[in-house]
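Nothing in this text is a laboratory measurement; each read-out follows from the coordinates by a stated rule. No experiment lies behind these values; they were computed from the predicted model shown. For neighbour counting, all protein chains shown are included, and Cβ atoms are generated from backbone atoms with ideal geometry for every residue, glycine included.
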Ligand SMILES: CC(C)(COP(=O)(O)OP(=O)(O)OC[C@H]1O[C@@H](n2cnc3c(N)ncnc32)[C@H](O)[C@@H]1OP(=O)(O)O)[C@@H](O)C(=O)NCCC(=O)NCCS
């Protein structure tokens, strides 16, 4: 990888290496990350990935390429030999297929991609990136349980909106971590988060669910965004 990218994001232990790559000058994190020209990003993909990307529309190709590059970079930090690993394809549910013994996950937002990777040790990983800002429409009834809504109710409007977004990001990360095992849609009400300190720069969440899995989650604020990570086994 070239100097300047990826940028490494400090996630709390033990969620693995977290790489961010921006391939659109207009993407979030403009101040933190130099943009990699989209054509250059395509050229850096494994040839099979480049072939797969060529069938995608412009924005999807941009995000897909950035995600593959970020995941490959993260895998390369976990184990240098993986920097040259073969193409990262997708499984039948859309999750990236990882080399045996490793876990990883991808998220992107408008030309910015974030990926995490780690030795699996029995855990599956999920990551999600969302703007650290209130959602355009209030999603709390869809995304939050009654108990989660009660926790954020005393916050002012701005803080409550951001708190919704943070919980949304954590739940999306959890979804990606549990999906390879449960292989079905998991509703937002099926997972409950608590112990989150809203307003902080970094934190963890306690996770309860009826999914029969041990689930851990953490998050960090970075460049105007929430990066949430989860692991499940
Ligand atoms: C699949 C989903 C999580 C993707 O999230 P998103 O915010 O739309 O998009 P993101 O950019 O964050 O993530 C996209 C990446 O997720 C990964 N992904 C897609 N489907 C996946 C799956 N079933 N399992 C794990 N990872 C998956 C892919 O790597 C994809 O990027 P790629 O196609 O370029 O490789 C989301 O659309 C979804 O369906 N959520 C289900 C409901 C939910 O989250 N419930 C929470 C309950 S705890």
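The tail of the calculated P(r) for the stretch 71-157 beyond 18 Å holds 57 percent of all Cα-Cα pairs.
For the chain, the relative contact order is 20 percent, taking Cα pairs closer than 8 Å that sit 6 or more residues apart in sequence and dividing their mean separation by the residue count. In percent, rounded to a whole number, the relative contact order of the stretch 7-120 is 35, using alpha-carbon pairs under 8 Å and six or more apart. Where in the stretch 135-165 is the amide nitrogen less than 12 Å from a point lying 7 Å along the Cα-to-Cβ axis of residue 189? The answer is 141-147, whose backbone nitrogens lie closer than 12 Å to the label point. When the alpha carbon coordinates of the chain are projected onto the principal axes, the ranges are 50, 37, 30 Å, largest first. Full extension of the chain between residue 91 and residue 59 yields a length gain of 9.4 nm, computed as 0.36 nm times the residue separation minus the alpha carbon distance. Given R0 = 22 Å, the distance between the Cβ atoms of residue 182 and residue 133 translates into a calculated FRET efficiency of 0.15.
With all pairs of separate Cα atoms included, the stretch 16-73 yields a Kirkwood hydrodynamic radius of 11.6 Å. Here the sum of -39500 (n - 2.57) over DSSP H runs of 4 or more residues, divided by the residues of the chain, equals -10000 deg cm²/dmol at 222 nm, to the nearest 500. Subtracting the Cα-Cα distance of residue 221 and residue 198 from their residue separation scaled by 0.36 nm leaves 7.2 nm. In the stretch 128-232, Cα pairs under 8 Å separated by at least six residues give a relative contact order of 33 percent.
For the stretch 1-136, the Kirkwood radius over C-alpha pairs fed into Stokes-Einstein at 20 °C and 1.002 mPa s yields D = 144 µm² per second.
Inverting the pair-averaged 1/r between distinct Cα atoms of the stretch 128-232 gives 13.6 Å as its Kirkwood hydrodynamic radius.
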